[in-house]
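Visitor: Encoded as structure tokens, here's the structure I'll be asking about.
The values are calculated or read from the model by the stated rules, or taken from the named source; none is laboratory data. The shown structure was predicted, so the numbers you read here are calculated from the model rather than taken from an experiment. A quick note on method: Cβ atoms are made from the backbone with ideal geometry, for glycine too, and the neighbour counts reach across all protein chains shown. All accessible areas refer to the heavy atoms of the entire protein, side chains included, with ligands and DNA or RNA removed. Shrake-Rupley method; radii C 1.70, N 1.55, O 1.52, S 1.80 Å.
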Amino acid sequence: MPSTDIPPDIEAWFAGRGWRIRDHQRAMLEASDRGDHALLVADTGAGKTLAGFLPTLAAFTPSRLGDAKPPEGLHTIYVSPLKALAQDVQRNLIAPIEQMGLPISVETRSGDTPSDRKKRQRTRPPHVLLTTPESLSLLLSYPDSFELFRGLKRIVIDEVHAFATGKRGDLLALALTRLQAIAPDMQRAALSATLANPQGFREWLAPWGEIDTVEMVEGEAGSPAEVEILGALEDRAPWGGHAATWAIPQLYEQIRANRTTLIFTNTRFLAEYIFQHLWDVNEEKLPIGIHHGSLSREAREKVEAAMAAGELRALVATASLDLGVDWGDIDCVVQMGAPKGSSRLLQRVGRANHRLDQPRRALLVPGNRFEFLEAQAAKDAVDEGQRDGEDFRPGGLDVLAQHVMACVCAAPFEEGELLAQVRSSLPYAWVDEDVFARVLNFVATGGYALKAYDRFQRIVRDRNGQWRLTHPQHPARHRLNAGIIMDAEMLEVRFRNGRSLGRVEENFAAQLSPGDTFAFAGTSLEVEQLRDMEIIVRASSKSAMIPSYGGARMPLTTHLAERVRAMLVDRAGWGRFPDDVREWLEMQQARSVLPQPGQLLIETFPHEGRHYLVCYSFEGWNAHQSLGMLLTRRMDAQGLMPLGFVANDYALAVYGLKPVTDPRSLFSAD
């Protein structure tokens, strides 16, 4: 077994920067030297990513190599939920590698990586590959994946809380089982700053759920976050809306007062909208940037580099930057609109003063009075150190079908052998032979709806009992269509000289005609031509509309919803609220009721010739969408002539031409 001492090369590098090796960083190296998997939970700025890579760096130090040659081939895979995070880690990892003179090559692989580099990486891989769950799954679909991963020593999963409980986590869990089968000695490490259930994540990380094989490493506590809620100076907080544009003048003053301000929004539309409003009041022409997932790779990398160099005074961003990106000179983080969860808020707050021993300052800007309650609930949770997050649930069979297809693209397989691999992961431990046979039948025939079409006859069992492809074209089709993140059809936005700005959704593009203007990438653009899957534009000074996107919304967490409900009935706690918020609650109590926890408030009233039913369930927008479709169907069956519904995270409003006199029948479980 290698020595558990920190290699002197690494100790000297830390000392040369006036740093000390923290206990959790040392513990991660010790766990690796023992051959254990490890889960590290440490505050933002604690050097989590470096701790995850420390065993890799140590393996290439002269003190550990001795007279041996450096390891060849792929040594470590780093998986992150965001492409921007992988790029940031590459920048920050290259520095210690070069300064210590270690013979380690590092590359990224994502949807932005050129195809020629992707092809070369499969035959001449770097020592460290930074990638995403989707790209890793696609790598496993190639026949040469066995040779590529045979010598793999380590996989590091960063910000594991961001995807482990969802379908991307299912995909990654299945990829881990495949990698472990190819490289039995591979060690797993996962990193996070915000875990409400560390034991659950240990079980998710462990092969066969053997939790004792995963070392739990806890980092040193950092400085507490300083979270404030911005209140209106003159105008009262609005009743509705979520953009919080009432705060733009105060927000601009914050930008002027700080070196760098990072402004988070919950949607791409809101990022463009807030950026335009900030630019309208930017009389001093301060450098302000914008970053979201629909911008071109070149635009995103340019902004990321400018932030890293300290050239921007403010950056408006979406979730594309809220995980792990390390910029140490951000004075203040601003959350525009509701935070939706205490862990998500803490993650974003952690981008400010990305250092363990310095306070992190954040400002919450609620868009309306309900969002003020949510902001207060999130602030209280952060102050109390409470985290939230989704519970683990059984893995999705659609993801399993994709994994089966990826495996057969790489090589024929034995049914029992692949089932054993699949069941070694926590999400799919429940899958038995019958369920797996159903999945195989779906992959083989396309299911009952598609089995009549030859193109969906993708795999077949041969005379030796192995499952194999029916046609050599199937792997290419799989790699073009595989994935967990569902995007709408997108059109490229380009200048006539070919420079790409990014992409907008087809539904928005269908509304455009030559001469129309829209705001994108922080610029007003005029449409010159629509051709094929491209929008040809030129810069414009005209006022412009902002593209809307139909992507998934951030859900309100159950923990935060329960806190908001408790605040509604805590009359004694209303004194800390602004006058307009307190008066709003008092008016609701006087004219109707405030629901107790566990109660469902339903209100009905006429308005402008329509009859409305509003229910306050606090179950989140996604649940309210499903409930709205169910209620309108039942209203239609009762002859109430429903016209539609609207929803937010707190309530659902259904409207129709006839009054609802018996709400109980609409909400009956029967």
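Visitor: Can you confirm whether region 33-44 contains a residue that is open to solvent by 30 Å² or more (accessible area, probe 1.4 Å), in a helix (DSSP H, G or I) and modelled with pLDDT of 90 or more?
Guide: Yes - at least one qualifying residue is present in region 33-44.
Visitor: Count, please, the residues in region 215-225 that happen to be under 22 Å from Leu54 (Cβ atoms), buried (at least 20 other Cβ atoms within 10 Å of the Cβ) and either among the charged types (D, E, K, R) or in contact with a helix residue (DSSP H, G or I) (Cβ under 7 Å, 6 or more places away or on another chain) (or both). First the steps, then the outcome.
Guide: As a first pass, look at region 215-225 and keep what is under 22 Å from Leu54 (Cβ atoms): 215-222.
Among the residues that remain, those that are also buried (at least 20 other Cβ atoms within 10 Å of the Cβ) are: 217, 219, 222.
Filter once more, keeping what is either among the charged types (D, E, K, R) or in contact with a helix residue (DSSP H, G or I) (Cβ under 7 Å, 6 or more places away or on another chain) (or both): 217, 219.
Number of matching residues: 2.
Visitor: Being on the phi < 0 side of the Ramachandran plot and assigned to a loop (DSSP other than H, G, I, E, B) narrows it down to one of Asp112, Asp116, so name that one.
Guide: Asp112
Visitor: Here's another thing I want to ask about it. Across region 1-11, which residue is nearest to Glu98 (Cα to Cα) among those that are open to solvent by 20 Å² or more (accessible area, probe 1.4 Å) and in contact (Cβ under 8 Å) with a residue 24 or more places away in the chain? Before you say what the answer is, go through the steps one by one.
Guide: As a first pass, look at region 1-11 and keep what is open to solvent by 20 Å² or more (accessible area, probe 1.4 Å): 1-5, 8-9, 11.
Add one more test, that the residue is in contact (Cβ under 8 Å) with a residue 24 or more places away in the chain, and what stays is 1-4, 8-9.
Details: Met1: 27, Pro2: 24, Ser3: 24, Thr4: 23, Pro8: 16, Asp9: 12 Å.
Of everything passing the filter in region 1-11, Asp9 is nearest to Glu98 (Cα to Cα).
Visitor: Sort through Ser80, Ser32, Ser63 and tell me the only one that's touching a strand residue (DSSP E or B) at 6+ places or on another chain (Cβ under 8 Å), polar (S, T, N, Q) and more than 18 Å from Arg109 (Cβ to Cβ).
Guide: Criteria check complete, one pass: Ser32.
Visitor: Going by what's in this entry, would Gly598 be described as closer than 26 Å to His559 by Cα and crowded, with 17+ Cβ neighbours inside 10 Å?
Guide: Taking the combined requirement at face value, the residue does not satisfy it.
Visitor: Residues in region 105-114 that are at pLDDT 90 or above and open to solvent by 20 Å² or more (accessible area, probe 1.4 Å): how many?
Guide: Total meeting the criteria: 2.
Visitor: Out of all the residues in region 343-381, which are at pLDDT below 85 and under 24 Å from Asn197 (Cβ atoms)? Spell out how you get there, then give the answer.
Guide: Going residue by residue through region 343-381, those that are at pLDDT below 85 are 343-361.
Answer for region 343-381, where residues must be at pLDDT below 85 and under 24 Å from Asn197 (Cβ atoms): Ser343, Arg344, Leu345, Leu346, Gln347, Arg348, Val349, Gly350, Arg351, Leu356, Arg360.
Visitor: Further, regarding this structure: If you take the residues of region 312-335 that are charged (D, E, K, R) and modelled with pLDDT under 90, which of them is surrounded by the fewest Cβ atoms within 10 Å (Cβ to Cβ)?
Guide: Within region 312-335, the match that is surrounded by the fewest Cβ atoms within 10 Å (Cβ to Cβ) is Asp329.
Visitor: I'm checking my understanding of the structure. Among residues of region 507-523 that are at pLDDT below 90, of a type outside the set (A, V, I, L, M, F, W, C) and not in a loop (DSSP other than H, G, I, E, B), which one is least open to solvent (accessible area, probe 1.4 Å)?
Guide: Thr523
Visitor: Please verify whether Ala338 is modelled with pLDDT of 90 or more, among the small types (Gly, Ala, Ser) and open to solvent by less than 10 Å² (accessible area, probe 1.4 Å), treating the condition exactly as stated.
Guide: It is false that Ala338 is modelled with pLDDT of 90 or more, among the small types (Gly, Ala, Ser) and open to solvent by less than 10 Å² (accessible area, probe 1.4 Å).
Visitor: Okay, next question. Just wondering, is there one or more residues in region 418-428 that are touching a residue at least 40 places away in the same chain (Cβ under 8 Å), open to solvent by less than 30 Å² (accessible area, probe 1.4 Å) and among the β-branched types (Val, Ile, Thr)?
Guide: Yes, some residue in region 418-428 is touching a residue at least 40 places away in the same chain (Cβ under 8 Å), open to solvent by less than 30 Å² (accessible area, probe 1.4 Å) and among the β-branched types (Val, Ile, Thr).
Visitor: What about Gly52, is it surrounded by 22 or more Cβ atoms within 10 Å (Cβ to Cβ) and within 12 Å of Leu191 (Cβ to Cβ)?
Guide: yes
Visitor: Quick check on this structure: which one of Arg494, Arg503, Arg565 is among the basic types (Lys, Arg), surrounded by 15 or more Cβ atoms within 10 Å (Cβ to Cβ) and part of a helix (DSSP H, G or I)? Write out each step before concluding.
Guide: Numbers: Arg494 fails: part of a helix (DSSP H, G or I); Arg503 fails: part of a helix (DSSP H, G or I).
That would be Arg565, the only listed residue that is among the basic types (Lys, Arg), surrounded by 15 or more Cβ atoms within 10 Å (Cβ to Cβ) and part of a helix (DSSP H, G or I).
Visitor: Would it be correct to say that Gly396 is touching a residue at least 60 places away in the same chain (Cβ under 8 Å), among the small types (Gly, Ala, Ser) and touching a helix residue (DSSP H, G or I) at 6+ places or on another chain (Cβ under 9 Å)?
Guide: yes
Visitor: So how many residues does region 275-286 have that are over 26 Å from the mean Cα position of the chain (by Cα) and either of a type in the set (Phe, Trp, Tyr) or loosely packed, with under 13 Cβ neighbours inside 10 Å (or both)?
Guide: 5
Visitor: Would you mind telling me which numbered condition in (1) over 24 Å from Arg344 (Cα atoms); (2) assigned to a loop (DSSP other than H, G, I, E, B); (3) open to solvent by less than 70 Å² (accessible area, probe 1.4 Å) Gly575 fails?
Guide: Of everything listed in (1) over 24 Å from Arg344 (Cα atoms); (2) assigned to a loop (DSSP other than H, G, I, E, B); (3) open to solvent by less than 70 Å² (accessible area, probe 1.4 Å), Gly575 misses just condition (2).
Visitor: Check region 543-562 and report whether any residue there is closer than 30 Å to Arg499 by Cβ, surrounded by fewer than 17 Cβ atoms within 10 Å (Cβ to Cβ) and polar (S, T, N, Q).
Guide: yes
Visitor: Let me ask another. Filter region 608-628 for residues that are open to solvent by 80 Å² or more (accessible area, probe 1.4 Å) and touching a Phe, Trp or Tyr at 6+ places or on another chain (Cβ under 8 Å) and give the result.
Guide: Result: Arg610, single match.
Visitor: With region 153-264 as the region, which helices (runs of 4 or more DSSP H) entirely inside it contain at least 2 residues that are among the polar types (S, T, N, Q)?
Guide: 167-182, 248-257
Visitor: Next up: Given Glu489, Glu433, which one is within 29 Å of the chain's Cα centre (by Cα), of a type outside the set (Gly, Ala, Ser), farther than 20 Å from Ser141 by Cβ and open to solvent by 60 Å² or more (accessible area, probe 1.4 Å)?
Guide: That would be Glu489, the only listed residue that is within 29 Å of the chain's Cα centre (by Cα), of a type outside the set (Gly, Ala, Ser), farther than 20 Å from Ser141 by Cβ and open to solvent by 60 Å² or more (accessible area, probe 1.4 Å).
Visitor: Kindly evaluate Ala95 against the criterion of being at pLDDT below 90, open to solvent by less than 30 Å² (accessible area, probe 1.4 Å) and not in a loop (DSSP other than H, G, I, E, B).
Guide: No, not satisfied.
Visitor: Residue check, Ala482 against (1) touching a strand residue (DSSP E or B) at 6+ places or on another chain (Cβ under 9 Å); (2) open to solvent by less than 50 Å² (accessible area, probe 1.4 Å); (3) within 30 Å of Glu414 (Cβ to Cβ), all met but one. Which one?
Guide: Ala482 satisfies every listed condition except (1).
Visitor: Can you name every residue in region 441-459 that is assigned to a helix (DSSP H, G or I) and surrounded by 19 or more Cβ atoms within 10 Å (Cβ to Cβ)? Explain how you work it out, then say what you get.
Guide: Here is the first cut: in region 441-459, the ones assigned to a helix (DSSP H, G or I) are 441-445, 454-456.
Of everything in region 441-459, those that are assigned to a helix (DSSP H, G or I) and surrounded by 19 or more Cβ atoms within 10 Å (Cβ to Cβ) turn out to be Phe442, Val443, Ala444.
Visitor: So, one more: Examine region 62-83 for a residue that is part of a loop (DSSP other than H, G, I, E, B), more than 27 Å from Glu215 (Cβ to Cβ) and open to solvent by less than 20 Å² (accessible area, probe 1.4 Å), and state whether such a residue exists.
Guide: Among the residues of region 62-83, not one is part of a loop (DSSP other than H, G, I, E, B), more than 27 Å from Glu215 (Cβ to Cβ) and open to solvent by less than 20 Å² (accessible area, probe 1.4 Å), which makes the answer no.
Yes or no, residue by residue, for (1) under 18 Å from Glu415 (Cβ atoms); (2) free of Cβ contacts under 8 Å to residues at least 12 places away in the same chain:
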| site | (1), (2) |
| --- | --- |
| Asn441 | yes, yes |
| Asp454 | no, yes |
| Val460 | yes, no |
| Trp467 | yes, no |
| Thr470 | yes, no |
| Arg477 | no, yes |
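Visitor: Can I ask one more? May I ask you to list the residues in region 200-214 that are open to solvent by less than 70 Å² (accessible area, probe 1.4 Å), touching a residue at least 24 places away in the same chain (Cβ under 8 Å) and more than 18 Å from Ala420 (Cβ to Cβ)? Walk me through it before giving the result.
Guide: So in region 200-214, the residues open to solvent by less than 70 Å² (accessible area, probe 1.4 Å) come out as 200-202, 204-207, 209, 211, 213-214.
Filter again for touching a residue at least 24 places away in the same chain (Cβ under 8 Å), leaving 200-202, 204-207, 209, 213-214.
Matches in region 200-214: Gly200, Phe201, Arg202, Trp204, Leu205, Val214.
Visitor: Answer with yes or no whether Arg438 is assigned to a strand (DSSP E or B) and on the phi < 0 side of the Ramachandran plot.
Guide: no
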